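Scroll down for the structure; my scribbles are underneath it.
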Amino acid sequence: MRIGLTGGIASGKSTVSNWLNEWGYPIIDADKIAREVVEPGESAYQEIVRHFGKEILLEDQSINRKKLGSIIFNDEHERKALNGIVHPAVRQKMLAQKERYEASGHQTVIFDIPLLFESDLFHLVDKVMLVYVDEQTQLERLINRDQAGKEDALARISSQFPLKDKRERADAVINNSGSLEETASQVKMILNQWKAKPF
């Protein structure tokens, strides 16, 4: 079984992902892979430099994320160009990892994809597990976690699909508004219902 684990910013998805890892489930981390595919030497890196020019590089030849970010945040066309390079490379690497895990005997593989809904990656997984918190809790946690101002925190939350809309398309919703113990027991209950064992 391939489970897509997702949530929203400051929803607690990373905490759930860490538990699953500790319980023996292999994790395919989309954010980590997205960082790896743009490292010098990777083909996506070369395409990005070809498209955006050497001005986006730091002295050590790695990509200046801030500079690239400022280009794509203000230009929909350039953002699509970047996604068109990065997303296929990420998907390819995710599927290669999945093949390796399954070949080594894992019955369940967790795809940790923060933007599963936004990138419409439902075809990669059999079930979707959503880590959910109410809007007020999400805002408070983000402000506390990143020492962000309220305006900045609200802007970052609104750049993603609202968590309440994601609930409708998820196969299971984990309410992470309570204690960690309550959240962990919800995750275990869902895994049992789905008969999702690591091996």
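The values are calculated or read from the model by the stated rules, or taken from the named source; none is laboratory data. Since this is a predicted model, take the numbers as computed values, not measurements. Heads up, the Cβs are rebuilt from the backbone with ideal geometry, glycines too, and the neighbour counts pull from every protein chain shown. Side chains included, ligands, DNA and RNA excluded: accessible areas come from the protein's heavy atoms. Shrake-Rupley method; radii C 1.70, N 1.55, O 1.52, S 1.80 Å.
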Label-point gap, in nm, between Lys197 and Leu58 - each point 7 angstrom along Cα→Cβ: 4.5
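Can you give me the relative contact order of the chain as a percent, contacts being Cα pairs under 8 Å and 6 or more apart?
Details: 257 pairs, mean separation 72.7, N = 199.
Relative contact order of the chain: 37 percent.
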Unit Cα scatterers, Debye sum, region 97-138: log10 I(q)/I(0) for q = 0.23, 0.30 Å⁻¹: -0.88, -1.11
Fully extended contour minus Cα-Cα distance, from Ile71 to Glu181, at 0.36 nm per residue: 35.4 nm
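If you count only protein heavy atoms with a 1.4 Å probe, what accessible area per residue comes out for the chain, rounded to a whole Å²? Working shown, then result.
On the way: 11210 Å² over 199 residues.
Normalised by residue count, the accessible surface of the chain is 56 Å².
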Exposure of Asp165 as accessible area (Å², to 10), given a probe of 1.4 Å and all protein chains: 80
Long pairs among Lys166/Lys188; Lys54/Lys150; Lys150/Lys197, criterion Cα-Cα beyond 29 Å: Lys54/Lys150; Lys150/Lys197
Accessible carbon and sulfur surface of region 119-199 relative to its total accessible area, %, 1.4 Å: 49
Net charge contributed by nearby residues that have their C-beta within less than 10 Å of Leu142 (K/R +1, D/E -1): +1
Karplus-derived 3J(HN,Hα), 6.51/-1.76/1.60, for each residue of region 19-35, Hz, glycine and proline x: 4, 4, 4, 4, 7, x, 7, x, 10, 9, 9, 4, 5, 5, 5, 4, 6
Contour excess over end-to-end distance, with Cα ends at Arg169 and Gln92 and 0.36 nm allotted per residue: 25.3 nm
Distance in nm between pseudo-label sites at Glu151 and Glu36 (7 Å out along the Cβ direction from Cα): 3.9
Cβ-derived FRET efficiency at R0 30 Å, Asp126 paired with Ser43, nearest 0.05: 0.55
Per-residue SASA entry for Asp126, accessible area with 1.4 Å probe, Å² rounded to 10: 80
Against the rule of thumb 2.2 N^0.38 Å, how large the Cα Rg of the chain comes out: 1.09
